[in-house]
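Below is one structure, written out as structure tokens, with a few remarks after it.
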Amino acid sequence: MGNSEFINYCKRLIVDYVNSTEYKLPSGYIPRIFEYNVFVVWVCKTLQNNKALLSTTTDGDTRYYEVTYNGDKDEFYFDVYDKIINQRINRASLCTKEGWLD
């Protein structure tokens with residue numbers, strides 16, 4: 001399966017998933033999305049297998065989607081992650097911790 005075909009399947013999986021759940025954004029809004037709301041962060045094809053990391057353009061949607069296609073078994077694997085933390089850490093603060101980056 002080529003990347004274009006795989007990405008189309010990925011987007012369809014995500015749209016179907018988001019629109020079939022009652023996931024509420026922090027604002028209380030329940031999003032309804034279309035394929036144009038889904039974008040690819042990273043994609044790779046190795047031999048007969050594909051993997052993509054995707055997200056949506058929906059404001060407040062902190063979920064992250066991973067889709068893997070196993071070409072040997074003709075199976076898709078779909079994982080959904082939610083951002084738990086987004087913290088800025090500068091390198092200088094890591095260097096001051098005992099034992100770090102010696």
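Observations on the model:
- Looking only at residues of region 1-47 that are of a type in the set (Lys, Arg) and farther than 16 Å from residue 57 by Cβ, we find that the one that is surrounded by the most Cβ atoms within 10 Å (Cβ to Cβ) is 45.
- Enumeration of residues in region 48-61 that are surrounded by 11 or more Cβ atoms within 10 Å (Cβ to Cβ) and not polar (S, T, N, Q): 51, 52, 53, 54, 60, 61
- Exactly one residue out of 75, 66, 98 is of a type in the set (Asp, Glu), surrounded by fewer than 14 Cβ atoms within 10 Å (Cβ to Cβ) and modelled with pLDDT of 90 or more: that is 75.
- Of all residue pairs spaced 6 or more apart or on separate chains, those with beta-carbon atoms under 8 Å, a first member in region 40-52 that is among the hydrophobic types (A, V, I, L, M, F, W, C) and modelled with pLDDT under 95 and a second member that is surrounded by 11 or more Cβ atoms within 10 Å (Cβ to Cβ) and not in a strand (DSSP E or B) are 47/71.
- Residues (under 22 Å from residue 10 (Cα atoms) and either hydrophobic (A, V, I, L, M, F, W, C) or without any contact (Cβ under 8 Å) to a residue 40 or more places away in the chain (or both)) located in region 23-39: 24, 25, 30, 31, 32, 33, 34, 35, 36, 37, 38, 39
The values are calculated or read from the model by the stated rules, or taken from the named source; none is laboratory data. These figures come from a predicted structure and were not determined experimentally. Ideal geometry is used to build each Cβ from the backbone, glycine not excepted, and the neighbour counts take in all protein chains shown.
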